[in-house]
Amino acid sequence: MSIAAPSPFAAVVIGGGISGLACAYRLQQAGIPARVLEAGARPGGLIATKEKDGFQFELGPQSFLSNEPLLQLIESLGLNEQLQHADRRAPRYILSGGKLVRAPLAPQSLLTTPLLGATTKWKIFTEMTKHTVPPDGDESVAGFVRRKFGDELLEKFVAPFVSGVYAGDPEKLSLRASFPKLYEFEKEYGSVMKGAMKSRDTKGKPRAGLCSFRGGMETLPRAIAGRLGELLLTESSVNSLQRGKANGKPWFEIEFTRGNHREMIAANAVIVATPTDAAGGMLRQLSGEFPGAFARIEYAPVAVVSAGYRREQVQHPVSGFGFLVPRSEKLRVLGTVWNSSLFAGRCPDGKVSFTSFAGGATDPGLLDLKDEEIVELICGEVAGVLGISGAPAIARVQRYARALPQYNLGHSGNVAALSGLAASVPGLFLAGNYLSGPSIGACVEQANLTADAARVYLASIGATGAGAVAHA
Ligand SMILES: Cc1cc2nc3c(=O)[nH]c(=O)nc-3n(C[C@H](O)[C@H](O)[C@H](O)COP(=O)(O)OP(=O)(O)OC[C@H]3O[C@@H](n4cnc5c(N)ncnc54)[C@H](O)[C@@H]3O)c2cc1C
């Protein structure tokens, strides 16, 4: 297959999740129209909102922390009016001995929480006086917490929190890669508590808060897609990339399948913003090392169970963020978000809605169950915790075989190797949630950096492009 009259796009972005969309939008803002090729039928990737019978469920991320790049993006898209802010004081709970106990949110409340015994509290209290240095090699989150504070803090607080963010296994997650701030606190202050206290001292600087949109999380990718207009092609799955040269400028030939057709597009710069398995496959022809390097990044599977009830079915006041479940409670649900308490408009009057998470790196076998078995198991466990009587008015499950990349031991090295490989192919750039954090804010921040690097590259080769597609 070849392109008859090559007229390349300056840039093509592969993958229309938030990473790819934010990247393409940033380029568009800089005057570079970038074609986006998205395999799925709609933009947004993991961000997906579903409305049914007056309920609004989030199938992926439930909310986001408002970091600066994300707020700038929201403002630039004219979405400020639609933004919803969760109450900063909304309590979070941890299940302990079958009861929900308020989770300590500020470092000093670790010293008063009933979740922890006197020995752990003493370790936390005296940690400020014991100057330590991080080990030279990569250390697991579990290893770090045990070394500094002991097993109880790990089991009762850190492990459930880690499953809430990464669906991860603290024995495998790298502290440096997954919670870089904690590593930096020890490195800089010799004490995590000291570092945590100092970092709260950001006078005048607004703290990031938990947000969503009136129309749900999908409002964000939809708005970007609206700005990109015809530049975004859905149901366009990229198969391979090859290098070429036209008019003295290096370029890529990108082969993709759209509907039943194989098509080709050319671009001077390519930004790959897909999950790692897809990225490894499509880049194989550029370097045989790509598939193996991408495959080093593991993913955890997750089942997301959304459920709605009549208010009177639920004994617990369900006012707050929701709860996390330590493994020692012997339940398979990892945690539950109380959507209808967190943001207005999530369900009809007189109803409540929840989203629970199960599976993750510590219980991947959960996804072997059938959908109805998962709903029954998870809704049954949540009913026990919240005192719910009767069946849910509505319930659904969303499965992700590869939900979240795991920032496991060696992750920083794996990412450095991938970045090195990508840098050896001029014009090739990477974006995505496996690079510098899985949160939506981190994805947008990374996407901006990637777009800026692509812009500098395009300027360096003097490329501007309108684009052409050749049918096979
Ligand atoms: C269950 C769950 C809960 C989460 N909760 C939160 C939360 O509360 N807050 C938060 O900030 N973050 C949360 N996250 C993380 C966050 O949602 C993701 O990290 C982020 O949305 C990833 O965006 P992305 O664009 O990097 O990847 P993706 O969203 O995976 O997008 C990649 C895109 O590439 C496309 N693609 C794949 N192969 C090809 C191909 N060959 N050709 C073309 N396109 C292709 C895919 O179809 C997809 O649209 C959660 C994630 C999950 C799974």
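At-a-glance table
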{"read-out": "Residue satisfying condition, being within 30 Å of Val302 (Cα to Cα) and either among the small types (Gly, Ala, Ser) or touching a Gly at 6+ places or on another chain (Cβ under 7 Å) (or both), within set Gly462, Gly437", "value": "Gly437"}
{"read-out": "Single condition Arg399 does not satisfy, out of (1) of a type in the set (D, E, K, R); (2) more than 16 Å from the ligand (Cβ to nearest atom); (3) in the same structural domain as Leu59 (by TED's automatic domain parsing)", "value": "(2)"}
{"read-out": "Residues within region 251-277 that are touching an Asp or Glu at 6+ places or on another chain (Cβ under 7 Å) and away from the ligand (no atom under 12 Å from the Cβ), tallied", "value": "4"}
{"read-out": "Test result for Gly44, open to solvent by less than 10 Å² (accessible area, probe 1.4 Å), closer than 30 Å to Gln398 by Cα and not hydrophobic (A, V, I, L, M, F, W, C)", "value": "yes"}
{"read-out": "Gly280 at negative phi, free of Cβ contacts under 8 Å to residues at least 40 places away in the same chain, part of a helix (DSSP H, G or I) and crowded, with 21+ Cβ neighbours inside 10 Å", "value": "yes"}
{"read-out": "Enumerated strands (runs of 3 or more DSSP E) restricted to region 31-143, each holding at least 2 residues that are touching a residue at least 12 places away in the same chain (Cβ under 8 Å) and within 16 Å of the ligand (Cβ to nearest atom)", "value": "34-37, 49-52, 55-58, 83-85"}
{"read-out": "When residues of region 220-233 are limited to those that are surrounded by 16 or more Cβ atoms within 10 Å (Cβ to Cβ) and not hydrophobic (A, V, I, L, M, F, W, C), the one farthest from the ligand (Cβ to nearest atom)", "value": "Arg227"}
{"read-out": "So Val101, is it in contact with a Ser or Thr (Cβ under 9 Å, 6 or more places away or on another chain), surrounded by 15 or more Cβ atoms within 10 Å (Cβ to Cβ) and modelled with pLDDT of 95 or more", "value": "yes"}
{"read-out": "Matching option when the condition is within 30 Å of Val272 (Cα to Cα), surrounded by fewer than 16 Cβ atoms within 10 Å (Cβ to Cβ) and not hydroxyl-bearing (Ser, Thr, Tyr), among Gly413, Gly384", "value": "Gly413"}
{"read-out": "Cβ-Cβ under 8 Å pairs, at least 6 apart or on other chains, region 306-324 side among the β-branched types (Val, Ile, Thr), far side part of a strand (DSSP E or B)", "value": "Val314/Val352; Val314/Ile388; Val318/Val352; Val318/Phe354"}
{"read-out": "Any chance Ala361 is touching a Gly at 6+ places or on another chain (Cβ under 7 Å), in contact (Cβ under 8 Å) with a residue 60 or more places away in the chain and under 22 Å from Phe179 (Cβ atoms)", "value": "yes"}
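Rundown of residues vs (1) hydroxyl-bearing (Ser, Thr, Tyr); (2) modelled with pLDDT under 95; (3) surrounded by 18 or more Cβ atoms within 10 Å (Cβ to Cβ); (4) in contact with a strand residue (DSSP E or B) (Cβ under 6 Å, 6 or more places away or on another chain), yes/no style:
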| residue | (1), (2), (3), (4) |
| --- | --- |
| Ala11 | no, no, yes, yes |
| Ser19 | yes, no, yes, no |
| Cys23 | no, no, yes, yes |
| Leu27 | no, no, yes, yes |
| Ala34 | no, no, yes, yes |
| Lys50 | no, no, no, yes |
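The values are calculated or read from the model by the stated rules, or taken from the named source; none is laboratory data. Every value quoted in this text rests on a predicted model; they were computed, and no experiment measured them. In this analysis, Cβ positions are derived from the backbone assuming ideal geometry, glycine residues included, and neighbour counts consider all displayed protein chains. Note: accessible area is taken over every heavy atom of the protein model, side chains too, but ligands, DNA and RNA are not part of it. Shrake-Rupley method; radii C 1.70, N 1.55, O 1.52, S 1.80 Å.
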